[in-house]
1. Kindly check whether there is at least one residue in segment 127-137 that is within 16 Å of ligand 1 (Cβ to nearest atom) and either open to solvent by 10 Å² or more (accessible area, probe 1.4 Å) or in a helix (DSSP H, G or I) (or both).
2. Given the condition in contact with a Ser or Thr (Cβ under 7 Å, 6 or more places away or on another chain) and touching a residue at least 40 places away in the same chain (Cβ under 8 Å), answer yes or no: does some residue in segment 240-251 qualify?
3. Just checking, which of L374, L442, L406, L418 is open to solvent by 10 Å² or more (accessible area, probe 1.4 Å) and either at pLDDT 95 or above or touching a helix residue (DSSP H, G or I) at 6+ places or on another chain (Cβ under 9 Å) (or both)?
4. Filter segment 148-194 down to residues that are part of a loop (DSSP other than H, G, I, E, B), within 16 Å of ligand 2 (Cβ to nearest atom) and out of contact with any strand residue (DSSP E or B) (no Cβ under 9 Å at 6 or more places or on another chain) and give me whichever is least open to solvent (accessible area, probe 1.4 Å).
5. Which residue is surrounded by the most Cβ atoms within 10 Å (Cβ to Cβ), if the candidates are limited to segment 76-97 and must be under 28 Å from D517 (Cβ atoms) and not aliphatic (A, V, I, L, M)?
6. Could you tell me whether segment 56-66 includes any residue that is closer than 30 Å to Y480 by Cα and assigned to a helix (DSSP H, G or I)?
7. Tell me, please, whether a residue that is at pLDDT 95 or above, among the β-branched types (V, I, T) and part of a helix (DSSP H, G or I) can be found in segment 449-471.
8. Kindly check whether there is at least one residue in segment 67-77 that is under 16 Å from I445 (Cα atoms) and either under 9 Å from the mean Cα position of the chain (by Cα) or within 16 Å of ligand 2 (Cβ to nearest atom) (or both).
Amino acid sequence: MAQQQMGNQPLIVLSEDSQRTSGEDAQSMNVQAGKAVAESVRTTLGPKGMDKMLVDSSGNVIVTNDGVTLLSEMEIDHPAADMIVEVAETQEEEVGDGTTSAVVIAGELLSQAEDLLDQDIHATTLAQGYREAAEEATAALEEIAIDVDEDDTEVLEQIAATAMTGKGAENAKDLLSRLVVEAVRAVADDDGVDTDNIKVEKVVGGSVENSELVEGVIVDKERVSDNMPYFAEDADVAIVNGDLEIKETEIDAEVNVTDPDQLEQFLEQEEAQLREMAEQIADVGADVVFVDGGIDDMAQHYLAQEGIIAVRRVKSSDQSQLARATGATPVSSVDDLSEGDLGLAGSVAQKEIAGDQRIFVEDVEDANAVTLILRGGTEHVIDEIDRAIEDSLGVVRTTVEDGKVLAGGGAPEIDVSLSLRDYADSVGGREQLAVEAFADALEVIPRTLAENAGLDPIDSLVELRSAHDGGDTGAGLDAYTGDTIDMDAEGVYEPLRVKTQAIESATEAAVMLLRIDDVIAAGDLAVSHDDDEEEMPPGGGGMGGGMGGMGGGMGGMM
Ligand code: ADP
Ligand code: MG
């Protein structure tokens with residue numbers, strides 16, 4: 001507490017620079033900030049969602065439709081807004097898709113709460129009602145979930161395709177969803193699916209249709225010397241996390257050379273050392289060596305003489321993937337290298353794609369490593385396709401792990417919203433209002449899908465509700481025609497976990513924000529922004545800027 005009465009003297013415990021907002025003002029400020037975040041991504045939701053162009057302070061441009069990318073690039077710096085951004089981040093980590101939905105639901109929960117707070121419903125009652133509703137909603141979703149067999153390629157591909165809908169990848173979604181499912185299958189084992197084993201290699205040039213899946217690892221480098229072979233069959237692979245160079249002396253030692261012989265001797269000594277390095281690598285039997293540091297010219301020469309393919313400056317993520325794929329143990333120096341550290345690959349070859357040389361390491365020991373070569377006309381296009389592919393990999397992984405999906409197109413949200421209204425009647429009291437508000441909030445998904453498709457949201461909702469009332473749990477919105485259709489028949493599926501996670505994180509964040517009635521900040525929290533002046537909650541002081549902190553970051557957004 002900032003001030004306490006001690007006798008007649010108030011005791012000041014906060015520093016002069018700190019800022020404080022309390023009670024309704026604090027609540028209102030947080031609600032506004034959360035709503036603003038949700039509002040900023042709402043138009044990107046669904047098949048007809050639009051993209052946004054973000055320009056950062058150094059002029060880099062990103063064009064995206066991806067919720068979590070948008071929010072992390074927007075440089076939001078309001079503490080309450082940050083909590084909503086975290087909802088997207090959790091969603092991304094847990095399931096890889098549904099980030100926009102999660103944030104939009106969180107925003108709507110706050111918006112609905114605002115009305116109830118105005119009616120003097122206490123925040124604690126609201127929080128309690130929201131929590132109960134979330135639990136009930138999750139249970140209702142589980143009830144309508146559809147079982148999917150992990151061998152059901154058709155449905156897995158439909159799930160992959162649904163995650164690409166409305167994104168740059170959509171044009172080639174048949175091919176891409178096939179590749180995504182193949183990739184997930186390749187790396188799936190008893191412990192589940194580790195999508196880290198799926199490397200996405202972006203190649204500018206050619207069309208998306210040229211994308212392919214390679215079993216193995218592709219390194220975006222070429223061999224260090226043209227005198228080395230292009231190709232090695234049944235290759236023993238060494239991985240060195242270090243340099244193949246002569247260490248510079250730590251101290252500035254001065255070498256006094258008095259006659260030419262001495263200089264020659266000195267150079268010969270260095271050369272001998274480098275030659276020895278190359279020989280050591282050859283002696284253990286390596287055919288290929290991947291080095292994360294540099295390789296001296298002389299060492300290159302000797303390695304080439306030994307017929308070894310050497311690649312330098314390999315990214316550390318590639319080094320670890322190579323290690324996993326070939327079974328090699330990375331060593332930090334050639335001196336430590338022994339036969340047991342070598343891995344194996346059926347083929348290592350330098351090949352050209354789109355005019356660029358790359359090293360393909362295929363037929364590896366552990367087939368648990370695949371590379372998806374993504375092709376596209378320009379870097380921006382590929383980057384956005386890559387983000388859709390990441391979502392798609394996430395949903396297929398989640399489905400393979402959980403085996404449960406839901407129909408998309410707003411169907412589950414409408415269904416659960418109806419169940420919640422029934423449930424609300426059994427709750428009674430003021431909490432009932434919170435449960436009903438929660439039910440209303442879920443409808444923000446179909447409503448937004450309709451709005452973004454240029455449809456009348458009220459008409460769409462009325463139709464959807466009546467279909468679900470009639471027991472049609474798979475009825476969703478066809479964003480292209482505006483009709484209410486059976487999403488099962490259409491093959492629009494999303495993993496159950498995408499929806500349950502979105503509801504759980506959105507509820508947690510909303511509840512957390514609603515329970516705050518005091519914000520104490522050290523120093524200036526957010527720079528106030530002129531445009532936001534009217535929306536400032538009264539008495540918010542320097543913090544009243546609401547989303548003021550976003551001003552800078554979003555300045556370049558169109
Ligand atoms: P998110 O970041 O939440 O995944 P998206 O922009 O990917 O946002 O939109 C997801 C929403 O779009 C989900 O509600 C999903 O059911 C819906 N959707 C996806 N494909 C279709 C489709 N073909 N028809 C109708 N709705 C769809
Ligand atoms: Mg999505």
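1. Yes, because at least one residue in segment 127-137 is within 16 Å of ligand 1 (Cβ to nearest atom) and either open to solvent by 10 Å² or more (accessible area, probe 1.4 Å) or in a helix (DSSP H, G or I) (or both).
2. yes
3. Working: L374 fails: open to solvent by 10 Å² or more (accessible area, probe 1.4 Å); L442 fails: open to solvent by 10 Å² or more (accessible area, probe 1.4 Å); L406 fails: open to solvent by 10 Å² or more (accessible area, probe 1.4 Å).
Within the list L374, L442, L406, L418, the selection yields L418.
4. G166
5. Going residue by residue through segment 76-97, those that are under 28 Å from D517 (Cβ atoms) are 76-91.
From what's left, not aliphatic (A, V, I, L, M): 77-79, 82, 86, 89-91.
On the way: D77: 18, H78: 25, P79: 18, D82: 17, E86: 17, E89: 16, T90: 20, Q91: 27.
The selected residue is Q91.
6. Step one: of segment 56-66, the residues closer than 30 Å to Y480 by Cα are 61-66.
Then keep just the ones that are assigned to a helix (DSSP H, G or I); that gives none.
The answer is no; no qualifying residue exists.
7. Yes.
8. For segment 67-77, residues under 16 Å from I445 (Cα atoms) and either under 9 Å from the mean Cα position of the chain (by Cα) or within 16 Å of ligand 2 (Cβ to nearest atom) (or both): present.
The values are calculated or read from the model by the stated rules, or taken from the named source; none is laboratory data. All values reported here derive from a predicted model rather than from experimental measurement. Here Cβ is always computed from backbone atoms with ideal geometry, including for glycine, and neighbour counts include all displayed protein chains. Quick note on the areas: whole protein, heavy atoms, side chains included, nothing else; ligands and nucleic acids left out. Shrake-Rupley method; radii C 1.70, N 1.55, O 1.52, S 1.80 Å.
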